[in-house]
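The values are calculated or read from the model by the stated rules, or taken from the named source; none is laboratory data. From a predicted model like this one, the values you see are computed outputs, not experimental measurements. With ideal geometry, Cβ positions are generated from the backbone for all residues, glycine too; neighbour counts draw on all protein chains shown. Ligands, DNA and RNA are excluded from the accessible area calculation, which covers all protein heavy atoms including side chains. Shrake-Rupley method; radii C 1.70, N 1.55, O 1.52, S 1.80 Å.
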Amino acid sequence: MSENPRLRVSIILLVVANLVPVFGVLFLDWDVFYVMLLFWCENVVIGIFGILRLFVSTGNLFVAAFFTVHYGGFMMGHLMVLFALFSNAFEGQASNATDPEHFLAAFLNPPTLIAIAALFVSHGWSYIANFLGSDERNLLTGARAMTQPYRRMIITHIALLAGGFFVTTMGQPLPGLLLLIAMKIGLDVVFHRREHETIAI
């Protein structure tokens, strides 16, 4: 059975979007904290399109609002874990590195914004082509739309947190950072394909 062309394109876009951190690591000296924060930003993007999927699937604004608050709290906890585990190197760049204004100025620069825009393009294409442009919008139940972002995020980021911690303890060697990104790409492809293929079952 051949793969759905829309799904194939969305996987290609997903891989391309995840290659931006490779450029950052190779040419912009992005460290493990920076890379993990970019992965966190992708979960924010996933959450935004998850809210849209949930509202379209249920037609219930209250359910979508509840998910927004719950997912937002989950993401805040995730961000606190990232700072607790990986911010030491970032803090070493300046005494006020974890100050919100300094952090935003350091993180929201053109290369990072391009990376985040690539994630919006990737997940936006998947939302339009794989969800709105197919039977998924009619087949996806509210319960599955509610839990789908969590399953992907929890499993993927437990692995990434473990990998990131290992890379940090090894002194953040370049091969380790690239391997971490490669692991992220592999997990993304597996879960992206599984999510869309199981909806039709």
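Below are the figures for this structure:
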{"read-out": "Rounded percent of accessible protein surface that carbon and sulfur make up, the stretch 111-201, 1.4 Å probe", "value": "74"}
{"read-out": "For peptides 18-28, 121-131, sequence by mean Cβ density within 10 Å, most packed first", "value": "121-131, 18-28"}
{"read-out": "Computed [θ] at 222 nm, deg cm²/dmol, the chain (DSSP H ≥ 4; -39,500 (n - 2.57); rounded to nearest 500)", "value": "-28000 deg cm²/dmol"}
{"read-out": "Chain lengthening between residue 121 and residue 138 when straightened (0.36 nm per residue, less Cα-Cα)", "value": "3.8 nm"}
{"read-out": "Spacing of the two label points (7 Å from each Cα toward its C-beta) at residue 76 and residue 179, in nm", "value": "3.7"}
{"read-out": "Packing-based order for 169-179, 64-74, using average beta carbon neighbours within 10 Å, highest first", "value": "64-74, 169-179"}
{"read-out": "For the chain, accessible area per residue (1.4 Å probe, heavy atoms of protein chains only), Å²", "value": "50"}
{"read-out": "Gain on full stretching of the segment that runs from residue 155 to residue 114 - 0.36 nm per residue minus C-alpha separation", "value": "12.2 nm"}
{"read-out": "For the chain, built as a Gaussian network whose Cα springs stay under 10 Å, the top-fluctuating residue of 116, 158, 46", "value": "158"}
{"read-out": "Percent breakdown of C-alpha pair distances by 10 Å bin, ordered from the shortest bin, for the chain", "value": "8, 34, 35, 18, 5, 0"}
{"read-out": "Residue-wise HN-Hα coupling along the stretch 166-178, computed from phi with Karplus coefficients 6.51, -1.76, 1.60 (Hz; x: Gly, Pro)", "value": "5, 4, 5, 5, 8, x, 6, x, 4, x, x, 5, 5"}
